[in-house]
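Here's the structure we're looking at; comments come further down.
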Amino acid sequence: MLTRTVEKIPCYKPTRSLVFSLLLGQDINKMHRRGVGAGAIAKKKLAEAKYKERGTVLAEDQIVQMSKQLETFKSHLEEFASKHKQEIRKNPQFRVQFQEMCATIGVDPLASGKGFWSEMLGVGDFYYELGVQIIEVCLALKHRNGGLITLDELHQRVLKGRGKYAQDVSQDDLVRAIKKLKVMGNGFGMIPVGGSYLVQSVPAELNMDHTVVLQLAEKKGYVTVSEIKDSLKWEKERACHVLDHLLKEGLAWLDSQAAGEAQYWLPALFSELTSRDVTPEEANQMTP
């Protein structure tokens, strides 16, 4: 192509050396262009490596700064706790706020009965002692409620048992102590009912069906098979299976003489029973 182009120029005869030089020049230009592309890629990779290295350094600096801030906050928290020791121990609301502050930095004053927090505040011992009182109340009422008790009633009875001059406790304190009791196994737990909780103190296996029925019975203290079928759209067999299990575990009482159809009463939700003590003999008479 190049030879023909040159031949068209008047009075000019191309030589072989000229053609070879022109072709060789084109190859050199191609090689030169290729070299520039490879260099750009190398520079880009180098820049990315430097950015990555710089990012790693910045991340490490941030971690160091955050660690220092957490240590500073922890020391301030310890100083605050030492100054307000008595108020933390005596004021339930103040104690809740202190627990929330501890949670923000991952400090758990209840983690052990020994250590800094227990020695300074005695909160570790406080919650373990409260756990013992919760167990005592639940065991004393087990013959009546089968091992289920509302958090409100548990709170009232714990306060009554502690006396006037004992350290005051809140429902939040009870919840925290109950969570610590879970280390003893699946005997203790909390079931959400009507904006509050039912405290379970027996190792009964309660699934979601049982929980839903307990929530349904929360308003009146009892429930019937028809109410379960209408409200939950269950088959009769499913409703009866759940109620039979509650009866078997002692968590429900059967009133077979009720007008209309049998009523399944939940002692833990029966408000008239919570206002007075029931003897074991009375409980046996009401249990089928």
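The values are calculated or read from the model by the stated rules, or taken from the named source; none is laboratory data. Computed from a prediction, not measured in an experiment: that's the story for all the values here. Positions of Cβ are generated from backbone atoms using ideal geometry, with glycine treated the same way; all protein chains shown enter the neighbour counts. Surface accessibility is based on the protein's heavy atoms, side chains included, excluding ligands, DNA and RNA. Shrake-Rupley method; radii C 1.70, N 1.55, O 1.52, S 1.80 Å.
Just a few scattered comments:
- Where labels lie 7 Å past Cα in the beta-carbon direction, separation of ASP152 and ALA103 in nm: 2.4 nm
- Local electrostatic count at SER75 - Lys and Arg +1, Asp and Glu -1, tallied over other residues with Cβ under 14 Å: 0
- Per-residue accessible area (protein heavy atoms, 1.4 Å probe) orders LYS248, LYS180, LYS142 as LYS248, LYS142, LYS180, starting from the largest.
- In plain terms, the chain from GLN62 to SER256 could stretch by 63.0 nm, reckoned as 0.36 nm per residue minus the Cα-Cα distance.
- The label point for SER226 and the one for ALA38, both projected 7 Å from the Cα toward the Cβ, are 9.1 nm apart.
- LYS233 versus LYS90: modelled label distance in nm, points set 7 Å from Cα along the beta carbon direction: 5.7 nm
- Cα-based shape type of the range 206-277, given that a ≥ b ≥ c are square roots of the gyration tensor eigenvalues and the cut on a/c is 1.5: prolate
- Between LYS179 and ALA140, full extension at 0.36 nm per residue minus the direct alpha carbon distance yields a gain of 12.0 nm.
- Estimated FRET transfer efficiency (LYS74, TYR128; beta-carbon r; R0 30 Å; 0.05): 0.80
- Available extension along the chain between TYR51 and GLU205 is 49.8 nm, counting 0.36 nm per residue and deducting the alpha carbon span.
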